[in-house]
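Here is the structure we will look at.
The values are calculated or read from the model by the stated rules, or taken from the named source; none is laboratory data. Model, not experiment: these values are computed from the prediction. Reconstructed Cβ throughout: ideal geometry from the backbone, glycine too, with neighbour counts over all protein chains shown. When the accessible area is computed, the model is the full protein with side chains, heavy atoms only, and any ligands, DNA or RNA have been set aside. Shrake-Rupley method; radii C 1.70, N 1.55, O 1.52, S 1.80 Å.
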Amino acid sequence: MTIEKLKTNIRGFDILSDGGLPKNRTTLISGTAGSGKTILAAQFIIMGIEHSGDPGIFVTFEESPEDIRTNMKGFGWAIDSWENENKWLFVDGSPELGEDTVLSGSYDLGALLARIEYAAKKIGARRVVMDSLGAIFNRFNNREMIRHELFRISSALKRMNVTSLMTAERTEEYGDIARYGVEEFVADNVVILRNVLEEEKRRRTIEILKFRGTNHQKGETPFTIIPDEGLVIVPLYYMELKQRAANIRITSGNGGLDKMCGGGFFRDSVLLVSGATGTGKTLMVTEFMAGGALNGDRSLLLAFEESRDQLFRNASGWGYDFEDMEKKGLLKVVCVYPESAGLEDHFIRMREAVEKYQPNRLAIDSLSALERVSTMKLFREFIIGMTSFIKQKEITGLFTSTTPNLLGGSSVTEAHISTITDSIILLRYVEMFGEMHRGLTILKMRGSMHDKAICEFTIDNTGMHIGKPFRNIGGILEGRPTHIPSSEMERIDKLFQE
Amino acid sequence: MKEYMLKLYITGQTPRSERAIANLRRICEEELEGRYDLQIIDVLERPQLAENEKIMATPTLIRVLPPPLRRIIGDLSDKDQVLVGLAIQSLPKPPDRISSAGTVE
């Protein structure tokens, strides 16, 4: 028997859960204080209302309905208007302050069940949330009875074809599933929300711990909470690798570079350009976009290091007119201050920008700036996510990475993502006879022949000019160029002669 | 109007409900004879009333009058607790209870 899933329409969740929550079942959402349980619960109902017109019941044991209405306004959710339309109904189980309650003899939660059933029938609810179980355990202090009653409630909901969420507290990020040790037994499925401090940064993750009898993705997936939307889950590995390695070549915007690449970049590829500051990375990005514009390609530039004015000025200094390209609708420049948000938020906004603008070419300048606001692990996941995302959209991606040393050396960024990108271009300073020269080489280019030489290039007011390979020089990539005597060169040349 | 106004919420005609009703009637007759009104509400029949009163557990006894509102949850099998809950001073007790309870009262 396969278990049907209910599409939640919470962004990312349906991918993570392989289609949504198990339909007509109960799922437990467990997390520490402040991990976003109530928001997720409310969002589950709201998405039902907004996307399929399904009414929902919100059973609250902790906060009053009034508090929830107020708190959720921050996400642009006007609960009271849905209440007026009979799409949202509260079952209020929040404690009445200042009222004395005395216990005398045995009891059960039959009234709660009756109220939920009544409410669900009244508006034809398809979704129910109960937030949060900890408050009932705290109030009634009889675990066995509560467990039994919750089980009764979840069976009743199943009979009524209602899909439900229950939230529960945990005391540690990596410990028991929930505080009272019995919560997980009343639900078929368990989802954990975490809010972990990692390398001095807060990181939220969601993990589906179990989905009884059905598939889901394993492990922790980052999520974020943003205004106007609530929880947004960022599934980084979701792409079915439909990436057809297209053999279509496009211009890099520079004739010399095209030649070195064996006829241009592959259209569905992601390239990494690495170099120290001032070696010409932003220029390469500029030419990449300008080259696209000449062929009618739309380009999106996500800039994390320079302001819009600076970028436009630089471009015109190299003989490219960004303003004109923008006017023609062939370019969009989005400048973002990297520290303005966490990497998850950036990822979401970048995807949004891509979805909205639908570019043929995408440049990120630079990844190193984003790396600063992230942990290593998350950064790598982000690159994988971004790469697969743009490949699926058949966009050519050009990412830059700044090396920390002027001469030679690889950046951390590079070490992390070199296996993920299709091509790597290195830009390096070369010190020769007391002068700084610039060199370029293609370190790898997946699926294509390419020039293996380290070529010298120059930059002037018409852009980048690739010249001849460095002769008589070794050790450029290590940042220790040494002059090789011409006698040695001749000896090597002779080796290949008859 | 009577001095005490009591509402007992039950969920269906279960043995526990029957027990709560019987216990309450006995306590009222013993302690509040002629001074109370009692209303029994089955949540299954009147769920909206349970909603209004925010009843979670049943049986629940609510002392509506005199104010303030007080709640007693359970089948009312512990009479002392019921009296505490209703804030009723028990009338003369049998001698053996005084000795066991000490001289506090």
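When A:Lys444, A:Lys468 are screened for being more than 19 Å from A:Arg249 (Cβ to Cβ) and either within 34 Å of the chain's Cα centre (by Cα) or open to solvent by 70 Å² or more (accessible area, probe 1.4 Å) (or both), only A:Lys468 passes.
Contact annotation: residue pairs with Cβ atoms under 7 Å, 6 or more positions apart or on different chains, pairing a residue in segment A:255-278 that is more than 13 Å from A:Leu398 (Cβ to Cβ) and of a type in the set (A, V, I, L, M, F, W, C) with a partner that is assigned to a loop (DSSP other than H, G, I, E, B) and open to solvent by 40 Å² or more (accessible area, probe 1.4 Å), are A:Met260/A:Asp451; A:Ala276/A:Asn405; A:Ala276/A:Leu406. Within the span defined as segment A:326-340, every residue fails to be at pLDDT below 90, outside any helix (DSSP H, G or I) and open to solvent by less than 30 Å² (accessible area, probe 1.4 Å).
Is segment B:54-77 home to any residue that is at pLDDT below 95, part of a helix (DSSP H, G or I) and touching a helix residue (DSSP H, G or I) at 6+ places or on another chain (Cβ under 9 Å)? Among the residues of segment B:54-77, not one is at pLDDT below 95, part of a helix (DSSP H, G or I) and touching a helix residue (DSSP H, G or I) at 6+ places or on another chain (Cβ under 9 Å), which makes the answer no. I'm checking my understanding of the structure. Among residues of segment B:23-38 that are of a type outside the set (Asp, Glu) and more than 12 Å from chain A (Cβ to nearest Cβ), which one is surrounded by the fewest Cβ atoms within 10 Å (Cβ to Cβ)? Ranking the candidates gives B:Gly34 first.
Given the structure, is A:Gly219 under 30 Å from A:Thr2 (Cβ atoms) and open to solvent by 10 Å² or more (accessible area, probe 1.4 Å)? Steps first, answer last, please.
Details: under 30 Å from A:Thr2 (Cβ atoms): yes; open to solvent by 10 Å² or more (accessible area, probe 1.4 Å): yes.
So A:Gly219 passes the test.
Looking only at residues in segment A:130-164 that are outside any helix (DSSP H, G or I) and free of Cβ contacts under 8 Å to residues at least 40 places away in the same chain, the one that is least open to solvent (accessible area, probe 1.4 Å) is A:Asn142. Filtering A:Val191, A:Val196 for residues that are crowded, with 22+ Cβ neighbours inside 10 Å, away from chain B (no Cβ under 14 Å) and either assigned to a helix (DSSP H, G or I) or among the aliphatic types (A, V, I, L, M) (or both) leaves a single hit, A:Val191. For segment B:39-79, a residue qualifies if it is closer than 13 Å to A:Leu112 by Cα, more than 7 Å from chain A (Cβ to nearest Cβ) and open to solvent by 60 Å² or more (accessible area, probe 1.4 Å), and the qualifying residues are B:Arg46, B:Gln48, B:Asn52. Of the residues examined, A:Ile68 is not one that is more than 24 Å from B:Ile72 (Cα to Cα), part of a strand (DSSP E or B) and touching a helix residue (DSSP H, G or I) at 6+ places or on another chain (Cβ under 8 Å). Can you spot a residue in segment A:166-173 that is of a type outside the set (A, V, I, L, M, F, W, C), outside any loop (DSSP other than H, G, I, E, B) and at pLDDT 95 or above? Within segment A:166-173, one or more residues are of a type outside the set (A, V, I, L, M, F, W, C), outside any loop (DSSP other than H, G, I, E, B) and at pLDDT 95 or above. Just name the residue that is modelled with the lowest pLDDT out of those in segment A:468-498 that are among the charged types (D, E, K, R) and over 25 Å from A:Met260 (Cβ atoms). Only one residue tops the list, namely A:Glu498.
Taken over segment A:363-405, the residue count meeting the criterion of being part of a strand (DSSP E or B) and of a type in the set (Phe, Trp, Tyr) is 1.
Given the criteria buried (at least 21 other Cβ atoms within 10 Å of the Cβ), modelled with pLDDT of 80 or more and among the polar types (S, T, N, Q), does A:Thr413 qualify?
Working: buried (at least 21 other Cβ atoms within 10 Å of the Cβ): yes; modelled with pLDDT of 80 or more: no; among the polar types (S, T, N, Q): yes.
Spelling it out, it is not the case that A:Thr413 is buried (at least 21 other Cβ atoms within 10 Å of the Cβ), modelled with pLDDT of 80 or more and among the polar types (S, T, N, Q).
In segment A:21-35, how many residues are more than 22 Å from the chain's Cα centre (by Cα), buried (at least 20 other Cβ atoms within 10 Å of the Cβ) and within 16 Å of A:Arg194 (Cα to Cα)? The qualifying residues number 2. Candidates are the residues of segment A:95-129 that are open to solvent by less than 10 Å² (accessible area, probe 1.4 Å) and more than 7 Å from chain B (Cβ to nearest Cβ); the one that is farthest from A:Thr27 (Cα to Cα) is A:Ala119. Scanning segment A:3-20 for residues that are open to solvent by less than 40 Å² (accessible area, probe 1.4 Å) and more than 20 Å from A:Pro222 (Cβ to Cβ) yields a count of 3.
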